[in-house]
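The values are calculated or read from the model by the stated rules, or taken from the named source; none is laboratory data. Since this is a predicted model, take the numbers as computed values, not measurements. All Cβ positions, glycine included, derive from the backbone under ideal geometry; neighbour counts span all protein chains shown. Please note that ligands, DNA and RNA were not included when accessible areas were found on the heavy atoms of the full protein model with its side chains. Shrake-Rupley method; radii C 1.70, N 1.55, O 1.52, S 1.80 Å.
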Amino acid sequence: MQSNINIKNLYESYNQHKQVRYLCWILAIAIVFGFILILNVLTPMIADDYWYSFTLGKDTNTRVSSFSDIIGSQIAHYYWWGGRSIVHCIVQVLLLLPPFVADVLNSSVFIAYIALIYYLIKGRGKHSLGMFLLIFFSVWFLQPSIGDTILWMTGSGNYLWGTVLILLFIIPYRFYEGKPQDTKRSYVHSVLFFIYGIIAGWTNENTGGAMIVLSILFIYLFKIHRWDIPKWSVTGVIGAIIGYLFMLLAPGNMVRAGESMPFDIQVFVFRFIMHSSDLVYFCGIIIIIYILLFFLSDYKSINPLKMPLLQQISLIFIIAMFASVYAMVLSPAFPPRAWFGSITFLIIGVGTIFYSLQDILPNFSCIRNICTILAGIAFLFSTYDALKDMNICHTTMKDREVFIREAKLNNESEIKVKRFRSYTKFTHSEDRTATRALSTYYDIKIEFEN
């Protein structure tokens with residue numbers, strides 16, 4: 001009985017005192033940041049990190065030492081490997097920085113990622129610490145490859161940083177309310193958003209394409225509500241399409257495409273079925289929850305044109321999720337890490353509907369708090385596997401460095417080391433082909449043990 005009173009008093013104190021709310025927010029963000037920073041510090045250089053530490057192109061044995069080296073590398077990369085120039089530029093910048101500085105930056109961008117999802121869900125609505133924490137827990141449990149997309153530096157640059165650029169692009173569409181803008185300011189915003197659209201579109205194939213779908217659907221939403229369509233929204237889409245085409249039409253993509261199987265109707269059907277199966281595996285339960293929440297919300301019509309605004313916005317993100325999944329039918333592979341953007345859009349779509357229930361369900365805050373507490377308890381149990389796997393990876397790489405250093409002191413020309421294989425979603429496994437990059441990085445021939 002006493003504990004119930006204490007909990008009630010704490011909740012009332014949180015609601016009534018602004019200083020208490022600020023303190024709780026600061027504490028929550030600091031804990032999440034600190035936890036992710038620990039995981040970043042424990043995550044060593046691995047696989048492609050070694051490769052991108054060197055200049056790409058003619059002289060692949062020279063370490064990257066300046067931003068001009070990175071620009072030259074990305075020009076070469078564009079012609080012989082792929083078009084993700086923006087995110088790979090970020091990767092090489094991170095690898096050029098001192099490791100701890102890169103880890104702090106990466107952890108900060110993760111907080112920005114959670115914050116952007118939070119603002120895309122709530123829009124101009126009331127703040128909710130419980131919602132913020134639920135988003136973090138959703139990312140933790142729903143993203144199928146945390147190590148590959150958030151902690152591994154090469155993967156983080158490609159997926160976490162790239163998705164943050166995309167979410168930043170979407171924010172103005174989400175917050176627009178149809179208010180007319182000053183003409184001079186409108187033209188400045190249009191030019192700036194056109195430039196930023198090129199950057200955001202030039203990030204990732206499936207998520208970037210879905211971003212373009214999202215922005216076009218938002219413009220259509222403005223038209224439905226008879227709002228003035230702002231110039232920046234149109235120039236932003238144009239810029240995004242240009243950036244997206246720069247990425248897709250990279251000569252390096254054509255080189256790699258030549259190494260894969262030919263694309264025909266049978267391949268299309270096979271990939272469609274496989275992606276649908278993966279969609280059920282990764283997102284099936286969450287999609288069912290979304291449907292239930294959808295009908296619990298301010299449901300008035302099955303016609304999207306007559307739905308309340310928040311339902312329309314949530315549908316836009318769900319459509320973008322499906323678009324990002326089935327766009328991968330054109331790709332020869334769809335690894336778990338490539339689901340990062342799709343799961344992000346799903347979280348935003350479901351979160352928007354869930355957030356809208358606060359104006360409908362009388363006990364919504366209680367339901368939200370119970371969900372947050374249960375997710376928090378599950379999270380605490382899951383951290384054991386994460387920290388254990390990460391510590392094994394960290395120790396393996398540290399022991400390897402000692403072994404390599406001793407081998408070089410003994411003038412050995414070739415050594416064999418253990419290949420690290422991850423058993424959870426929190427670390428990145430080494431491919432067998434990683435030995436070439438390792439040999440170049442440590443200046444000794446390295447092979448993996450069988």
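Just to be sure I understand, how many residues within the stretch 360-382 are in a helix (DSSP H, G or I) and touching a residue at least 40 places away in the same chain (Cβ under 8 Å)?
Matching residues across the stretch 360-382 total 10.
Test ARG436 against the stated conditions and say whether it is in a helix (DSSP H, G or I), open to solvent by less than 50 Å² (accessible area, probe 1.4 Å) and of a type in the set (Lys, Arg).
It is false that ARG436 is in a helix (DSSP H, G or I), open to solvent by less than 50 Å² (accessible area, probe 1.4 Å) and of a type in the set (Lys, Arg).
List the residue pairs whose Cβ atoms are under 9 Å apart, where the first residue sits in the stretch 281-295 and is under 16 Å from ILE319 (Cα atoms), the second is open to solvent by 50 Å² or more (accessible area, probe 1.4 Å) and hydrophobic (A, V, I, L, M, F, W, C), and the two are 6 or more positions apart or on different chains.
These pairs meet every condition: ILE287/VAL280.
In this structure, is TYR423 open to solvent by 20 Å² or more (accessible area, probe 1.4 Å) and touching a Phe, Trp or Tyr at 6+ places or on another chain (Cβ under 6 Å)?
no
Could you identify the single residue in ILE198, ILE171 that is surrounded by fewer than 15 Cβ atoms within 10 Å (Cβ to Cβ), part of a helix (DSSP H, G or I), at pLDDT 95 or above and not aromatic (Phe, Trp, Tyr)?
The conditions single out ILE171.
Could you tell me which residue of the stretch 289-345 is modelled with the highest pLDDT, considering only residues that are under 17 Å from THR207 (Cα atoms), aliphatic (A, V, I, L, M) and in contact with a His (Cβ under 9 Å, 6 or more places away or on another chain)?
VAL325
Determine which single condition ILE373 fails, assuming it passes every other condition in (1) over 24 Å from the mean Cα position of the chain (by Cα); (2) over 30 Å from GLY130 (Cα atoms).
(2)
Identify, please: which residue in the stretch 310-332 is hydroxyl-bearing (Ser, Thr, Tyr) and farther than 24 Å from GLN358 by Cα and is, among those, most open to solvent (accessible area, probe 1.4 Å)?
TYR326
Could you check the stretch 35-57 and list, in sequence order, the residues that are within 11 Å of PHE100 (Cα to Cα) and surrounded by fewer than 19 Cβ atoms within 10 Å (Cβ to Cβ)?
Within the stretch 35-57, LEU37, ILE38, VAL41 qualify.
Is at least one residue of the stretch 399-409 assigned to a helix (DSSP H, G or I), touching a strand residue (DSSP E or B) at 6+ places or on another chain (Cβ under 8 Å) and either open to solvent by 80 Å² or more (accessible area, probe 1.4 Å) or within 30 Å of SER128 (Cα to Cα) (or both)?
Scanning the stretch 399-409 turns up at least one residue that is assigned to a helix (DSSP H, G or I), touching a strand residue (DSSP E or B) at 6+ places or on another chain (Cβ under 8 Å) and either open to solvent by 80 Å² or more (accessible area, probe 1.4 Å) or within 30 Å of SER128 (Cα to Cα) (or both).
Would you be able to say whether some residue in the stretch 180-190 is of a type in the set (A, V, I, L, M) and open to solvent by less than 20 Å² (accessible area, probe 1.4 Å)?
Scanning the stretch 180-190, I find no residue that is of a type in the set (A, V, I, L, M) and open to solvent by less than 20 Å² (accessible area, probe 1.4 Å), so the answer is no.
Failed condition for PHE263, given (1) part of a loop (DSSP other than H, G, I, E, B); (2) crowded, with 17+ Cβ neighbours inside 10 Å, with all others met?
(2)
Filter the stretch 279-309 down to the residues that are surrounded by 14 or more Cβ atoms within 10 Å (Cβ to Cβ), of a type in the set (A, V, I, L, M) and under 21 Å from the mean Cα position of the chain (by Cα) and list them by number.
LEU279, ILE286, ILE287
Is it the case that PHE364 is at pLDDT below 90, of a type outside the set (Gly, Ala, Ser) and open to solvent by 30 Å² or more (accessible area, probe 1.4 Å)?
So PHE364 does not fit the description; no.
Residue by residue, here is whether (1) assigned to a helix (DSSP H, G or I); (2) open to solvent by less than 20 Å² (accessible area, probe 1.4 Å) holds:
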{"position": "SER65", "(1), (2)": "no, no"}
{"position": "GLN74", "(1), (2)": "yes, yes"}
{"position": "GLY82", "(1), (2)": "no, yes"}
{"position": "ALA102", "(1), (2)": "yes, yes"}
{"position": "SER107", "(1), (2)": "yes, yes"}
